[in-house]
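Data first, discussion second: the structure below is written as structure tokens.
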Amino acid sequence: MENLLEIQNVCLTYHSPASETEALKELNLSIKEGEFISIVGPSGCGKTTILSLIAGILKPTSGNIFIRGEKIEKPGFHTGYMFQRDNLFEWLNIWKNVTLGLNFKKRNNEENKSYAKELIEKYGLGEFIRHYPTELSGGMRQRVALIRTLCLKPDLLLLDEPFSALDYQTRLNVQDDVSLVIKKEKKTAILVTHDISEAIAMSSKIIVLTPRPATIKSIITLDFDPKLTPFERRKEKSFNTYFNKVWEELV
Amino acid sequence: MKKQKQNYSISHKKYLKSLLIKKVSIHISRILLLVLLLGAWELCASLNIIDPFITSSPSRIIKQISFLVQDGVLFHHSWVTLYETLLAFAISTIAGTLIALVLYIIPAVRKVLEPYLIILNSLPKIALGPLIIVWMGTGTKAIVMMGILICIIITTISMLNGYISVPKEKILLMKTMGASGFQILTRLVVPASFSDFISVLKINVGMSWVGVVMGEYLTSKAGLGYLIVYGGQVFKLDLVMSAIVVLCILAGLMYGLVALLEMYINKKRT
Ligand SMILES: Nc1ncnc2c1ncn2[C@@H]1O[C@H](COP(=O)(O)OP(=O)(O)O)[C@@H](O)[C@H]1O
Ligand SMILES: [Mg+2]
């Protein structure tokens, strides 16, 4: 099967008056359609940088990135980005927040709008369509942010620690929600997280990075029954084994 | 958010009642303070403890105002000042907001102009009075210019700070969704700076009156500032006080209108 994402020999160096920071060095990575990849690594090693490069909001110093064979040079149609904060616009109601992205790149057609409406209904936000973000709980807000991303029909979802601002219990619930949505919508996703158990609960493959400049230290393939939800995975015997494995890779 | 009728517990009812009592008593105290001050002023003046010729008195002010009203003079002078103020207010608010937008869009220009803005902001604008008169003549234009000068710099600086403080992540989000620079501006930066705009409006209500009255002190043939200067020169303190009272009322009304606008728009947005 052809790779959805190809990262080839990508280097990235940040320049600032005080110093030069080599964030990525000779990074190579490929991801297949339908995979759910988690990236873990020491903080400041360059995880966000990788996502920014894939999204096209940052240009590699050298090397190339391809999605479906097309070289990424600027933000485009391919990726959907979710941040740590939901970044909902407080002055727009939920419907307007969800369909925000449809206003750009000539995506504002009936088909996309009805897809947005369908997602909202399907994932339990139908009655809040005219409400404002301040009236929603943290978990619901993050779900709105996910639907806002999904209704642009991205090939690849980029999730940058999207649950770390939530309290523990909400986080477990939203992990289940998001995982279900991504599975149902048959999306490919890259999740950046510093939470090892989150990575094990949600993904099909974990990529462990070295400290900065980031290169791939190891790749751990997870083998769970595909029917299990993230929460159910946490109760599996193998969960602890995986945890220790990732932990050892990190230290 | 919608308020729902609920069956509150007795303790909650008590709490609500105590809140109400506090609120009412603050209002009553405010009115009482005004009545007390005016009463003391009037009493002292009528008992000649203070010289009403110099300090005027509430009753003399009321008499003066009703005299001015009957004459049609008050309306004329108030209108002149109000007109100048509204003009200065509108021009400086709109121009300052737009200048700030340009500075925001072009960081290089912003960096170059930064020190100039800071100096202009700390410069006492009244110092430019003679220049304005030489350049713009002694008419309405010069007075409005004074009002604009006082408001426009602070408007520019406040709005620029508002635009700059829009969260970086929201801008990135817009970029990842494929928004153009113009769309980021109209859909994010401008609406996100709305509350800064309202506070600029509130500041400018006060500042535009300051600027215009100052302009009228410098050069004028009519207006409340003119009445104040004239009254001072011919020692008609009743006239000075009357003009000040009318100024207070007009400025208060204008502030109230802005506050109403804010409430109205906030309601529409939520
Ligand atoms: N805009 C920038 N300018 C300079 N250095 C940066 C910039 N962004 C990130 N860095 C540096 O690059 C490294 C990697 O950053 P990042 O990708 O955000 O790490 P992570 O997401 O893994 O915590 C860090 O050391 C960070 O300080
Ligand atoms: Mg990060």
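The values are calculated or read from the model by the stated rules, or taken from the named source; none is laboratory data. If you're wondering where the values come from, they're calculated on a predicted model, not measured in any experiment. When we count neighbours, we look across all protein chains shown, and the Cβ atoms used for this are built from the backbone with ideal geometry, even at glycine. Surface areas here come from the heavy atoms of the whole protein model, side chains and all, with no ligands, DNA or RNA. Shrake-Rupley method; radii C 1.70, N 1.55, O 1.52, S 1.80 Å.
Mind checking whether some residue in segment A:8-28 is within 17 Å of A:Asp155 (Cα to Cα) and either of a type in the set (A, V, I, L, M) or within 16 Å of ligand 1 (Cβ to nearest atom) (or both)? No, that holds for no residue. A:Pro42 passes every criterion in (1) within 16 Å of ligand 2 (Cβ to nearest atom); (2) more than 17 Å from the chain's Cα centre (by Cα); (3) under 30 Å from B:Lys267 (Cβ atoms) apart from (3). Residues in segment B:54-68 that are exposed (fewer than 13 other Cβ atoms within 10 Å of the Cβ) and of a type outside the set (S, T, N, Q): B:Ile54 only. Per the conditions (1) farther than 21 Å from A:Glu33 by Cα; (2) buried (at least 17 other Cβ atoms within 10 Å of the Cβ); (3) outside the structural domain of A:Glu2 (by TED's automatic domain parsing), the sole criterion not satisfied by A:Val181 is (1). Suppose the filter is without any contact (Cβ under 8 Å) to a residue 40 or more places away in the chain and open to solvent by less than 50 Å² (accessible area, probe 1.4 Å); does A:Val208 pass it? Taking the combined requirement at face value, the residue does not satisfy it.
The sole residue among B:Lys175, B:Lys202 that is away from chain A (no Cβ under 14 Å), at pLDDT below 95 and open to solvent by 10 Å² or more (accessible area, probe 1.4 Å) is B:Lys202. Take the conditions (1) loosely packed, with under 10 Cβ neighbours inside 10 Å; (2) farther than 28 Å from A:Thr134 by Cβ; (3) of a type in the set (Gly, Ala, Ser); B:Ser9 misses just one of them, which is (2). The criterion of at least 1 residues that are touching a strand residue (DSSP E or B) at 6+ places or on another chain (Cβ under 9 Å) and over 19 Å from A:Lys187 (Cα atoms) is met by the following helices (runs of 4 or more DSSP H) wholly inside segment A:46-149: A:47-55. Among the candidates A:Ala165, A:Ala214, A:Ala199, the residue that is more than 14 Å from the chain's Cα centre (by Cα), buried (at least 22 other Cβ atoms within 10 Å of the Cβ) and closer than 24 Å to A:Thr49 by Cα is uniquely A:Ala214.
With respect to (1) touching a Phe, Trp or Tyr at 6+ places or on another chain (Cβ under 7 Å); (2) crowded, with 19+ Cβ neighbours inside 10 Å; (3) at the interface with chain A (Cβ under 10 Å from one of its Cβ atoms), the lone exception for B:Ala192 is condition (1).
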